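What follows draws every value from the coordinates through simple rules; no lab data is involved. Bear in mind that the values here come from a model prediction, so they are computed numbers and not experimental data. Counting neighbours? That spans all protein chains shown, and the Cβs are built from the backbone with ideal geometry, glycine included.
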Ligand SMILES: [Zn+2]
């Protein structure tokens, strides 16, 4: 599912006819894939307001300094042809670089990879990612996520990863459900596709980069083989991991049919009857998480990595979303990485959903977009897995009829951020708030 960014959302105004869109573009696809190019809308929706236009920003990634670091995996929640029509309507404010058909894996490219599609619901991630939509309805599981679709998608991702030097791992190949909200108010509305029935382990096998611990046996490395504190990767065996899930709509809630999934539930205590952990965005009253498919409070997804806080019998506790959360040890494999923990002397540190520059870095011509602390903190003593610090950045664009680079500015600040695997989603902490230790 795509979500308009808060900054450049759809505008309820009269559409201009699309401008000079190119109708004959060659798709950017590997050879021997069934691939075509149909341009998404690029048009103003209110000519008096330069910021009111859809459905993407023209850019020149990565040559203009805005590097492509991620690929974001989505599903459409609607039919292939309807999705294409939506991306061609500039009032929707949304787009994707690619869309893949369920029945046969056909690929439609709608936005050039050098441009910024409005797909992840978080403009910082849009700046740095390529979005791939998959025709499907996430609650209907494997009925939509066909082998033809997985194979086509994986070949496309291998091609894009090689072209843009994107590592084939779960820090860089993300589900939309792993993209954080940009403000506390936005967190609960963030999309949760492609959902529990997307087989990440199979997908990474097709990418030629199998997930650690996600072999056909799905067995964890024995804990005795590692020093303290080890890290783990969520590694359920998809086919036999039939965790309960419920789907709730306006008509009520139903239990979804038992089927393989990527979900591992996290509990407040080390036993199977313990409550699921809650989340302050989805359960502000402090109530526990649930097995509703839309409730990502207590679910970790195949391939995500966390730091082990404690082990007790067959159970392992990890730091997750600012709290201790327990999972069955057999659902994970041990891992190595960079440990990120609050700097000594700090009782708790803020957590962010974006990594924009400090206000002083913006030139007068670019409106300042600030980093807002989310409704989470990381208390002293908790440890998360992170990737190396990077300077905050922001890509500013205005409507551009003539493909003129003057309409674009990349702002890079001095404030540095560390991206972490935080809960069900990614997050950022200020590099000055933490110490980082390779393990
Ligand atoms: Zn999505």
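Show that you can apply the helix-only estimate: for the chain, add -39,500 (n - 2.57) for every DSSP H stretch of four or more residues, divide by all residues, and state [θ] at 222 nm to the nearest 500. Display every interim value, and only then the final one.
Working: 5 runs with 42 residues, N = 439.
About -2500 deg cm²/dmol.
Tell me, what is the FRET efficiency for residue 311 and residue 412 to the nearest 0.05, using R0 = 35 angstrom and their Cβ-Cβ distance as r? Display every interim value, and only then the final one.
Working: r = 42 Å, r/R0 = 1.20.
Efficiency, rounded to the nearest 0.05: 0.25.
Only bridges whose two residues both fall in the range 1-210 count here: according to DSSP, what percent of them are antiparallel, nearest 5? Can you show the working numbers first?
Working: 7 of 22 bridges.
Here the share of antiparallel DSSP bridges comes out near 30 percent.
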With axes computed from alpha carbons, what is the tilt in degrees of helix 147-164 against the longest principal axis of the chain, rounded to the nearest 10 within 0 to 90?
70 degrees
Per residue and in Å³, how big is the convex hull formed by the alpha-carbon atoms of the range 338-439?
123 Å³
Gap separating the Cα centres of the range 53-90 and the range 96-116, nearest whole Å:
8 Å
What distance in nm separates the two pseudo spin-label positions at residue 438 and residue 48, each 7 Å out from Cα along the beta-carbon direction?
5.8 nm
Given points 7 Å out from each Cα along the Cα-Cβ axis, report the residue 32 to residue 274 separation in nanometres with one decimal.
5.0 nm
If I model a spin label as a point 7 Å beyond the Cα along the Cα-Cβ vector, how far apart are those points for residue 359 and residue 63 in nm?
3.6 nm
Dimensions of the range 248-348 along principal axes (Cα, Å, largest first)?
51, 30, 23
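Compute the length gained on full extension between residue 240 and residue 348: take 0.36 nm times their separation in residues and subtract their Cα-Cα distance, giving the result in nm to one decimal.
Details: separation 108, 0.36 × 108 = 38.88 nm, distance 3.90 nm.
Result for the pair: 35.0 nm of gain on full extension.
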Rh (Kirkwood, all Cα-Cα pairs) for the chain, Å, reads 22.2 Å
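Provide the gained length on full extension for the span residue 25 to residue 159, in nm with one decimal, where the gain is 0.36 nm per separating residue minus the Cα-Cα distance.
On the way: separation 134, 0.36 × 134 = 48.24 nm, distance 1.82 nm.
Between residue 25 and residue 159, full extension yields an extra 46.4 nm.
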Share antiparallel - DSSP beta bridges, the chain, percent rounded to 5:
80 percent
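Please arrange 32, 155 by counting, for each residue, the other beta carbons lying within 10 Å of its beta carbon, fewest first.
On the way: 32 7, 155 20.
In increasing order of surrounding Cβ atoms, one gets 32, 155.
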